[in-house]
1. Take Asn445 and tell me if it is exposed (fewer than 12 other Cβ atoms within 10 Å of the Cβ) and among the polar types (S, T, N, Q).
2. From Val250, Val298, Val320, which residue is surrounded by 14 or more Cβ atoms within 10 Å (Cβ to Cβ), more than 30 Å from Thr340 (Cα to Cα) and aliphatic (A, V, I, L, M)?
3. Restricting to region 378-424, give me the number of residues that are over 17 Å from Arg450 (Cα atoms) and part of a loop (DSSP other than H, G, I, E, B).
4. Can you tell me which of (1) polar (S, T, N, Q); (2) outside the structural domain of Val300 (by TED's automatic domain parsing); (3) surrounded by 18 or more Cβ atoms within 10 Å (Cβ to Cβ) is the one Thr394 doesn't meet?
Amino acid sequence: MHSPPDHAIPSRLLVTLGLAIAAVLSAGCYRAPSEDPPAAAENDSPAATVAVVYPERTALHREVSQPGMIEAFEETPVFAKVAGYVKEGWKDIGDTLHKGETLAELWVPELVDELKEKEAQIDQAEAVISQAREAEKAAEAAYKSAVAQVEVAEANRQMLLAQQKRTRMQYERLERVGSAVLDREQVEEAQLGYETARAGVAEAEAKIKAAQAMRDEARARWRKAVADVRAAETRRRVAERSRDRVKDQVGYMRLTAPYDCVVMRRNVNTGDFVRDATAGGGKPLYVVHRTDLLRIFVQVPETDAGWVHKGARARLRVQVLPGRTFTGQVARTSWSLDPTTRTLRAEIDLPNSDGRLRPGMYAYATLATDLPNVLTLPRSSVITEGDVTRGYQTYCFQVEDGKVHRLPVELGPGDGERVEVLRKQVRAGEPWEPFIGTERIVRGNLSLVRDGQAVVVKD
C-alpha cells in the first residue's frame, strides 16, 4: 500500500473538524423541555396615589372675544318706480334726511297730463250724476202726483157709485108705485137720474185707468232715473280709480327717504333718463343708511357657538375710539353655523345717536354669558381622546373600592377652569344616567392611571 500524499492530510482534517463543530453547535441550540427555566410571575403594578374631587354645583362664566364689523341697522337701495328724467335739486352723498324728504324728482310730463285728463273725467261724471239725480227727483215727484190722481179718481168713483145706488133705489121704488099714484114724468125723471149716475161711474172708472197708466209710466221713469244715477256713480268710481292710479304714478316721480337716513351712494345727475325698476333699471339711484341704530356683526367660532345666545352681554371696543367701551346685548343669532367658515353669526344692536360710530368700522366684541347652578368638574378631571375620523370619547376616572374605573361622560359648556357634566355611563352598553354629586373623581395626572388600577387617595 502506498501512503497518501502529504497535501491530502489537511483536507481530511478540515472535514473532520467541521463535522465536530456542527455537532457542538447543534447541541448548544437545542434545549430539552426539562431544561427550560420557569416563567417569571408577573408582578402587580404598585398602587398610585391620586387626589379626588366631587362634582360641584357652580356658576360657569364664559367670555368670547372676536373681531366684528359695524354696519348700518338698515341699508336700502332706492329705485325709480316710473321712467323719467332727473330734475335739478337732488341730494348728494353724506346728506342727512328725515323720513319722507325728497332725494330727487323726475320729470314725466305725460303722467301730469294724464292726471289732468282723469280729473276732468271725474268732473264730467259729477255733472252727469247731478243731472241724473235731478231727473230722479222729477220722476219721483211725477210718480207721486200720478199716485195722488189715482187716489182722487178712486174716491170720485166711490162717490158716484153711492149716487148710482141711491138713484137706482129711488127709481125702482117709483116704478113699483106706478102711474096710479105718481105721474109718468116723475118716474122718467128718476130713471134719468139713475142713468146719469151710472154713466158718471163709468167715466170715473175710465179716469182711474188713465191715472193708473200715468202712475205706472211715472214709476218706470223714476226707476230709470234711479238706474241712471247708479250708472253715473259707477262711472265716477271707475274714473276715480283710474285717477288714483295715475296720481300714484305721479307721486312716484318724487323719490323719498324711507326713514331718517344718510345718503351713502348716488347714481343720478341732472337730465339723466332713468328706467323704472320693473323694466330692469340696473343700479339703484340711491343707497341710504339708517345710522341712529347700528348692527355689529360678530362671527363666533364653532367651539364657542353654544355659549352665545340672544340677550348675552356684550362689550365693544372700537379701534378709532381708544379708551371708550360700548355695552349692549346680542339681539339675534343665525342659530345655524356657516358651513364654510364653521362660525355662528351674532348681531348686536347699538344706539348711535351722537353719530360717533360709522358703518364699516372695525370693532372688537367680548360676549359674556353665565350658566348658574350647574354640576361641574375641574377640566383636569376629564380627558378627551380620538379624532374626527374615529370619533371622540370623553371620560374621567372614578374611584371605587380602592381602584379607578374609566367612566365615559357627556359634557356641557365650560369655562377656563370647570366644565359642566351632564351624564355618565357606568358600564358599557348600559343606559346613560345623570351625575348625582357623590362620585369620587380623580383630579389631575390622568395619564398616570389606567382602568382597574389600585390607587391610594391622598388627603
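1. no
2. Only one candidate qualifies: Val250.
3. Count: 6.
4. Thr394 satisfies every listed condition except (3).
Conditions (1) surrounded by 15 or more Cβ atoms within 10 Å (Cβ to Cβ); (2) in contact with a Phe, Trp or Tyr (Cβ under 6 Å, 6 or more places away or on another chain), marked per residue:
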position	(1), (2)
Lys81	yes, yes
Glu110	no, no
Ala120	no, no
Ala125	yes, no
Glu134	no, no
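One line per residue, one yes/no per condition, for (1) outside the structural domain of Gly94 (by TED's automatic domain parsing); (2) in contact with a Pro (Cβ under 6 Å, 6 or more places away or on another chain); (3) in contact (Cβ under 8 Å) with a residue 40 or more places away in the chain; (4) of a type in the set (S, T, N, Q):
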{"residue": "Arg275", "(1), (2), (3), (4)": "no, no, yes, no"}
{"residue": "Ile296", "(1), (2), (3), (4)": "yes, no, yes, no"}
{"residue": "Glu302", "(1), (2), (3), (4)": "yes, no, yes, no"}
{"residue": "Val308", "(1), (2), (3), (4)": "yes, no, yes, no"}
{"residue": "Thr325", "(1), (2), (3), (4)": "yes, no, no, yes"}
{"residue": "Gly328", "(1), (2), (3), (4)": "yes, no, no, no"}
{"residue": "Thr341", "(1), (2), (3), (4)": "yes, no, yes, yes"}
{"residue": "Leu344", "(1), (2), (3), (4)": "yes, no, yes, no"}
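Quick grid of which residues meet (1) at pLDDT below 95; (2) hydrophobic (A, V, I, L, M, F, W, C); (3) in contact with an Asp or Glu (Cβ under 9 Å, 6 or more places away or on another chain):
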residue: Val287; (1), (2), (3): no, yes, yes
residue: Thr291; (1), (2), (3): yes, no, yes
residue: Phe297; (1), (2), (3): no, yes, yes
residue: Thr303; (1), (2), (3): yes, no, no
residue: His309; (1), (2), (3): yes, no, no
residue: Val318; (1), (2), (3): yes, yes, no
residue: Pro322; (1), (2), (3): yes, no, no
residue: Thr327; (1), (2), (3): yes, no, no
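The values are calculated or read from the model by the stated rules, or taken from the named source; none is laboratory data. These figures come from a predicted structure and were not determined experimentally. Neighbour counts are summed over all protein chains in view; Cβ atoms, including those assigned to glycine, are modelled from backbone coordinates with ideal geometry.
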